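The values are calculated or read from the model by the stated rules, or taken from the named source; none is laboratory data. Here the structure is a predicted model, which is why all the values come from computation and not from measurement. Note that each Cβ is placed from the backbone with ideal geometry, even for glycine, and that neighbours are counted across all protein chains shown. For the accessible areas, the whole protein counts, side chains as well, though only heavy atoms, and no ligand, DNA or RNA atoms are used. Shrake-Rupley method; radii C 1.70, N 1.55, O 1.52, S 1.80 Å.
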Amino acid sequence: MSRSIAQQFEHWAKIGVALEQAGVTQEQVRRILGGDLRVRERVFMKLGLLKQVDMYLIPPEKARSAVLKAPRIESLDLA
């Protein structure tokens, strides 16, 4: 709000240059602004702002120690 038109232009130009240097395309920016979370996650990973492990629902150390139990097939009513 406090920037002049020239300062605002310079601000957005810097953002555009940074995105371009990072290899982010205009299409990716458009899709992110449109709410495409998958593209956002890929771009954030490309920029180093997010690691793949940050997207896991269950932390890997908990998943490794988890014990899965399922009912015996004989106890299921499949009729």
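Search segment 14-32 for residues that are within 12 Å of residue 42 (Cβ to Cβ) and pair each with any residue that is β-branched (Val, Ile, Thr) and assigned to a helix (DSSP H, G or I) when their beta-carbon atoms are under 6 Å apart and the residues are at least 6 apart or on different chains.
24/43; 28/39; 28/43; 31/39; 32/39
Of everything in segment 1-10 that's open to solvent by 60 Å² or more (accessible area, probe 1.4 Å) and not basic (Lys, Arg), which residue is modelled with the lowest pLDDT?
Quick first cut of segment 1-10, residues open to solvent by 60 Å² or more (accessible area, probe 1.4 Å) only: 1-3, 5-10.
Now narrow it down to the ones that are not basic (Lys, Arg): 1-2, 5-10.
On the way: 1: 73, 2: 88, 5: 93, 6: 94, 7: 94, 8: 94, 9: 94, 10: 95.
The extreme case among them is 1.
Among the numbered criteria (1) open to solvent by 70 Å² or more (accessible area, probe 1.4 Å); (2) under 20 Å from residue 52 (Cα atoms), which one does residue 24 miss?
Going through the list (1) open to solvent by 70 Å² or more (accessible area, probe 1.4 Å); (2) under 20 Å from residue 52 (Cα atoms), residue 24 breaks only (1).
Give me the residue from segment 33-60 that is of a type in the set (Lys, Arg), in a helix (DSSP H, G or I) and free of Cβ contacts under 8 Å to residues at least 24 places away in the same chain and, out of that set, most open to solvent (accessible area, probe 1.4 Å). Full working, then the answer.
Quick first cut of segment 33-60, residues of a type in the set (Lys, Arg) only: 38, 40, 42, 46, 51.
From the residues that got through so far, the ones that are in a helix (DSSP H, G or I) too are 38, 40, 42, 46.
Next, from what is left, pick out any that are free of Cβ contacts under 8 Å to residues at least 24 places away in the same chain: 38, 40, 42.
On the way: 38: 174, 40: 97, 42: 140 Å².
Selected residue: 38.
Name the residue, out of 70, 18, that is part of a helix (DSSP H, G or I) and small (Gly, Ala, Ser). Before you say what the answer is, go through the steps one by one.
Values: 70 fails: part of a helix (DSSP H, G or I).
Among 70, 18, only 18 is part of a helix (DSSP H, G or I) and small (Gly, Ala, Ser).
Assuming residue 13 fulfils every condition listed in (1) part of a helix (DSSP H, G or I); (2) at pLDDT below 90 apart from one, which condition is it?
(2)
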